[in-house]
There are 4 protein chains.
Amino acid sequence: MLKIGVVGASGYSGVELTRLTLSHPRLELRLATSNSYAGQQLSEIYPQFSGLDLKLVNNDLNQLAEHCQLVFLCLPHGRSMAFAQALRDRDIPVIDLSADFRLPDREIYRQYYEVEHTSPALLSSAIYGLPELHRERIRSASLIANPGCYATGALLGLLPLFKSGLPIEDVIVDAKSGISGAGRKPAIDTSFVEAASSMTAYKVASHRHQPEIYSQLRAISQKDFLFTFTPHLAPMKRGILSTIYVKLSSSELKRDFYQLYSDFYREEPFVRLLPPDVMPRTRSVAGTNFCQINLALDKKARRLIIVTVLDNLIKGAAGQAIENLNLTRGWDETLGLTNLAPLA
Amino acid sequence: MLKIGVVGASGYSGVELTRLTLSHPRLELRLATSNSYAGQQLSEIYPQFSGLDLKLVNNDLNQLAEHCQLVFLCLPHGRSMAFAQALRDRDIPVIDLSADFRLPDREIYRQYYEVEHTSPALLSSAIYGLPELHRERIRSASLIANPGCYATGALLGLLPLFKSGLPIEDVIVDAKSGISGAGRKPAIDTSFVEAASSMTAYKVASHRHQPEIYSQLRAISQKDFLFTFTPHLAPMKRGILSTIYVKLSSSELKRDFYQLYSDFYREEPFVRLLPPDVMPRTRSVAGTNFCQINLALDKKARRLIIVTVLDNLIKGAAGQAIENLNLTRGWDETLGLTNLAPLA
Amino acid sequence: MLKIGVVGASGYSGVELTRLTLSHPRLELRLATSNSYAGQQLSEIYPQFSGLDLKLVNNDLNQLAEHCQLVFLCLPHGRSMAFAQALRDRDIPVIDLSADFRLPDREIYRQYYEVEHTSPALLSSAIYGLPELHRERIRSASLIANPGCYATGALLGLLPLFKSGLPIEDVIVDAKSGISGAGRKPAIDTSFVEAASSMTAYKVASHRHQPEIYSQLRAISQKDFLFTFTPHLAPMKRGILSTIYVKLSSSELKRDFYQLYSDFYREEPFVRLLPPDVMPRTRSVAGTNFCQINLALDKKARRLIIVTVLDNLIKGAAGQAIENLNLTRGWDETLGLTNLAPLA
Amino acid sequence: MLKIGVVGASGYSGVELTRLTLSHPRLELRLATSNSYAGQQLSEIYPQFSGLDLKLVNNDLNQLAEHCQLVFLCLPHGRSMAFAQALRDRDIPVIDLSADFRLPDREIYRQYYEVEHTSPALLSSAIYGLPELHRERIRSASLIANPGCYATGALLGLLPLFKSGLPIEDVIVDAKSGISGAGRKPAIDTSFVEAASSMTAYKVASHRHQPEIYSQLRAISQKDFLFTFTPHLAPMKRGILSTIYVKLSSSELKRDFYQLYSDFYREEPFVRLLPPDVMPRTRSVAGTNFCQINLALDKKARRLIIVTVLDNLIKGAAGQAIENLNLTRGWDETLGLTNLAPLA
């Protein structure tokens, strides 16, 4: 059993990660930390853990270093990097669910997160933990930057295209996220009365996942392209549906994109291309590590339209973190992650 | 008091129209028809009408012609045109909420609705009832094609741009609709268990509102442009949020689009441009005839992003029908339509 | 036009009251106050008011006394009583939506609200504003204690029975409320992610509306009876459904309770007894001042089961406040309150 | 591996059962039948099964008898009994999720299900599959009547009381169920637009789970008691919250009921008594086989109030069926059922 720690176990990503570690056959959760709730049982905050003796403790570096062979960080961005540095200094492998190690350089980090990156060396050595893109590098990584939820949905929709070498010039990602993406901190905008039965766009043309998505794709294509990302809040607990618009030249319209995607994802354990004409629904992947995809060609407007769905807290956070862990250990990548979505 | 009839009063548009006519100060509802529920009280189907004596009757042309000075048709497309023809033959003004008279010609109608149009002459004389676009022609119209819900949201977002003479070459409308847009007929996809907490795209690149939107815009610009329309179902009862992407040339990036929209809609009674940076939410217009708008410029990607919200059953159907009626009578356009959205 | 003020206009009851006053034909809203948002437009907090120039001001007694002929108080309990006293000292009629004047005496108030009542004289002179119970006394009242939302639903379900003189010994009210009943202050329990798709009971056997309901019924029956009230939170924005269980003696089982209720409510403008076997749904009264009722007899268990629904923010708060105002002015009781529920 | 069949795999209970069997370590799903969808992949109906090759076949008795060592029946009541009889005639153990074998005798069955029971002998030999009540008898049962969802929630709330020997005279169960309890067949009442944001009571004093609950309790107490059961529909996908009112004599008020329940459920793997004052929420058990319970004493009204929550499709159907299977095989009762509720 691998001894692990979860730092920030009381937030939404943290608690889902904690839940997943409990049913993982090769993990032993040694420490779950939460500065806000230290001393309390996790079940006091989340009664679904009733009957389980799991006391939250403070974020104590020494304790983590002493008891854990690997640590998941579920801290807010800006607070994660120092923690990661300290753990890496003690040679503890880290999977970081914050945004602190996802961007390619400290300049872009400062621009979007409005804080100086304090561990630039670590930043440049971190591996971006999207298995479908960096599986081999993840296997030997000691610091993994677990991708953002929006970024995962966008990238999985675009990888086959970018990897095919097709020259891409113009991409729009219109993403719709469930409310849990906004985190647990109470706020009027995410209160039931204000959020239910309503949709809104936010951070239009300014969201922080924009450079994250762009930098990964740019690294593949080695060419600039026009890129717009628009996030929306939808009245559901979890799930992200991304509708992706890619402009094509006339000659490209004849390609068999369905076949391209089918080939690309044939062996992937967690990506499912649906049968032609069956558009994915977020509920089909709720609570699971799966991403479902389909596409349609708008011939008249010369555009490929790709739709992806995933669970923002699982494939978009905690599940993918486990998947990355499995890879680093050489275990079956799907270990602890094979459950299917319940009906509702 | 103007004596009116509502044909198809038991569907969602029909019942909302019926409700609005009841509180309109100058309308007298003489006949509300429903072949499915003829003989029943409306309150048996919709208990919110409890206490009101309103018996549904069969769709009888003679009764309508005898008792009503104007008739609203809330029938499914394909069934509306014959009814409209018969009423117009008897010189009764008609406001048609179906799609039968919205498209510019019978060829496109046949292509998208897969049925032959039986009243092509009437089709070409019908006025498209979007007051913000055709107000003057509506005033004297005797057959009004009430716009589709998606089309209203898209067109209100694009009118200022197209009317400004700016050369537009590429437009995407990514629209998210509440479930009531799918109508009242029970189906698995719109059942609570399958629709709640989930989003899906549907009829990607093939929805019938696509030619409706395109033809109205094409008539303004007199030039072809690339146009994509993608509808989605969101887990809310009502409301449509449309996120609209318009490609700009570099020189156009300097224009003050906010001012353009502000000027365009200054005098409009039902369109509200929100303060800069306040993105519209569907709940702000739920149950009302208002459309709220805002926009953002994505300079890097050279795109204008416009967001509009409206209530698909009111400004997108029944309310706009009343607005059109008010115009044809020379009444205050807002008569019976001034209520604001309740909190929830 | 009657000049009115709304104190506490930014909370949920306050904003609904403000909205209702705007469409009331005989009211002029002179002052809407909010200490939290003073200086801001109401539309900045609630964008449905976009286009309306309504600036919130501080709760200033002198301003209110100078400009308003009647004041609605939408303050939290405990803070309302001093305000009411000051306004009454200036001879301004007050309709108080807080709980401060609803209980029969200061002892019970202290026990349930854990604060000393500072205006006991006013407390004993206040009229409990349930028109179906105290219509005549309301007409001449200068301080009206607007009933609680739960209390309204429970009392409307029980009045016919208690007024009939039937000896009642045992009553249970099991009430299910939408989340808006918990107010606007952000909290984890009322956040979308925690409240959606879930139900819970709360304050079992200890909720503050228990003595409010009991004291009104006790005043009718003049006899003690066993009374249990259990509130629940249901994942809907608004609405309360109360399921009421009244134990009957064997001889009473033969009474025609449907007829009793039908007779009792025949002339009431806002209470609708539904046809036999049609159980009320909260959505039928959402956004309206109506209460819908039905009942069933459980002969084997010797119980009458009464079900009532209302909108907690309208008939349970702001709408009933307007209704009380209409009564005090001798106006038609339904003025400004006749709209029906939209479809959704 | 035990070879099993699921008859009626396309309904909500059936599909959940199918899903659970797939992750059960000792079950091999040999046949999943559905007359409506025979020949289709399960993933065509429920896309969460995408990637899984599971073709639905017709309900063929011979096939089932040949390939399966145990069969789950997820058929509508009335259609299950003949199937069960035929399987038992072939000596195949059956776990029946319908209501056909839950009632104590054919008279009551006929009265509530309005059809003649065709296998009365089997009816009297069937074991009611509530492990907390009949664990030992279940172990050796060959026909198990899997309890109804409402019945499970009510019985788990009342067992400790009835088993304690306390004389019980008056019980009310006020239950609130998610919409999936109504099944998959599309209907207007369970459509998203009509069901969302609304609550309603239904089948007041006449629901079929009433005799099911009563008969089990009556068998324990050996005494008649007054019993009322009122089901409600709540706008959530899954989950049942039952609020249970039990009348107490004055002397009984002094008992420590919390201790009674704590003792009773201490060893139960799937029932959790929450800490004092923490009321259960349906979301804490969504997707799991757990039941959470708490209670409160209303001393003034001399009533014990018990609140239970469970997932109607898991502990209330498919999960309990697996639990029963585990018992019949002598396996760990929790096999395949230990997952905890996701956050949302």
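Observations, loosely collected:
- Of the strands (runs of 3 or more DSSP E) entirely within region C:1-93, those holding at least 1 residues that are in contact (Cβ under 8 Å) with a residue 40 or more places away in the chain and not hydrophobic (A, V, I, L, M, F, W, C) occupy C:2-7.
- Inside region D:30-45, residues that are under 23 Å from residue D:287 (Cβ atoms) and surrounded by 22 or more Cβ atoms within 10 Å (Cβ to Cβ) make up a count of 3.
- Residue B:57 modelled with pLDDT of 95 or more, more than 24 Å from the chain's Cα centre (by Cα) and of a type in the set (Val, Ile, Thr): yes
- Test: residue in region B:302-318 that is over 17 Å from the mean Cα position of the chain (by Cα), of a type outside the set (A, V, I, L, M, F, W, C) and modelled with pLDDT of 95 or more: yes
- Check on residue B:340, within 12 Å of chain C (Cβ to nearest Cβ) and either assigned to a loop (DSSP other than H, G, I, E, B) or among the hydrophobic types (A, V, I, L, M, F, W, C) (or both): yes
So that you can scan it fast, the table gives a plain yes or no per residue for (1) on the phi > 0 side of the Ramachandran plot; (2) of a type in the set (A, V, I, L, M):
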residue: B:51; (1), (2): yes, no
residue: B:54; (1), (2): no, yes
residue: B:62; (1), (2): no, no
residue: B:75; (1), (2): no, yes
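- When restricted to residues that are out of contact with any helix residue (DSSP H, G or I) (no Cβ under 6 Å at 6 or more places or on another chain) and not β-branched (Val, Ile, Thr), region B:11-30 contains 9.
- Test: residue in region B:6-21 that is more than 14 Å from chain C (Cβ to nearest Cβ) and surrounded by fewer than 16 Cβ atoms within 10 Å (Cβ to Cβ): no
- The listed residue being assigned by TED's automatic domain parsing to the domain that holds residue A:273 and modelled with pLDDT of 95 or more, out of A:130, A:97, A:87, A:155: A:155
- When residues of region C:46-89 are limited to those that are of a type in the set (D, E, K, R) and more than 20 Å from residue C:28 (Cα to Cα), the one surrounded by the most Cβ atoms within 10 Å (Cβ to Cβ): C:88
- Subset of region C:266-302 (residues that are farther than 15 Å from residue B:44 by Cβ, within 8 Å of chain D (Cβ to nearest Cβ) and surrounded by 24 or more Cβ atoms within 10 Å (Cβ to Cβ)): C:282, C:283, C:286
- Odd one out for residue A:226 among (1) out of contact with any Lys or Arg (no Cβ under 7 Å at 6 or more places or on another chain); (2) surrounded by fewer than 24 Cβ atoms within 10 Å (Cβ to Cβ): (1)
- Search result, residues across region B:273-309 that are in contact with a Phe, Trp or Tyr (Cβ under 7 Å, 6 or more places away or on another chain) and under 23 Å from residue A:197 (Cβ atoms): B:279, B:289, B:290, B:291, B:293
- Complete set of residues in region B:183-239 that are of a type in the set (Gly, Ala, Ser) and within 14 Å of chain C (Cβ to nearest Cβ): B:183, B:195, B:196, B:197, B:198, B:234, B:239
- Considering only residues in region C:94-126 that are of a type in the set (Ser, Thr, Tyr) and outside any helix (DSSP H, G or I), the one that is surrounded by the most Cβ atoms within 10 Å (Cβ to Cβ) turns out to be C:98.
- Being farther than 30 Å from residue A:143 by Cβ and either more than 8 Å from chain B (Cβ to nearest Cβ) or not in a strand (DSSP E or B) (or both) is a condition met by at least one residue of region A:306-328.
- Candidates D:251, D:262 - the one that is more than 22 Å from residue C:231 (Cα to Cα), at pLDDT below 95 and of a type in the set (Ser, Thr, Tyr): D:251
- Residue match in region B:129-146 (condition: closer than 13 Å to residue B:214 by Cα and touching a residue at least 24 places away in the same chain (Cβ under 8 Å)): no
- Some residue of region D:245-261 being facing another protein chain (nearest Cβ under 10 Å) and either under 22 Å from the mean Cα position of the chain (by Cα) or in contact (Cβ under 8 Å) with a residue 12 or more places away in the chain (or both): yes
- Within region A:319-344, the set of residues being modelled with pLDDT of 95 or more, more than 17 Å from residue A:238 (Cα to Cα) and among the polar types (S, T, N, Q) comprises A:324, A:326, A:328, A:334.
- Verdict on residue C:242 being small (Gly, Ala, Ser) and at pLDDT 95 or above: yes
The values are calculated or read from the model by the stated rules, or taken from the named source; none is laboratory data. Keep in mind the model is a prediction, meaning the values are calculated, not measured. As a convention, Cβ positions derive from the backbone with ideal geometry for all residues, glycine included, and neighbour counts pool all protein chains shown.
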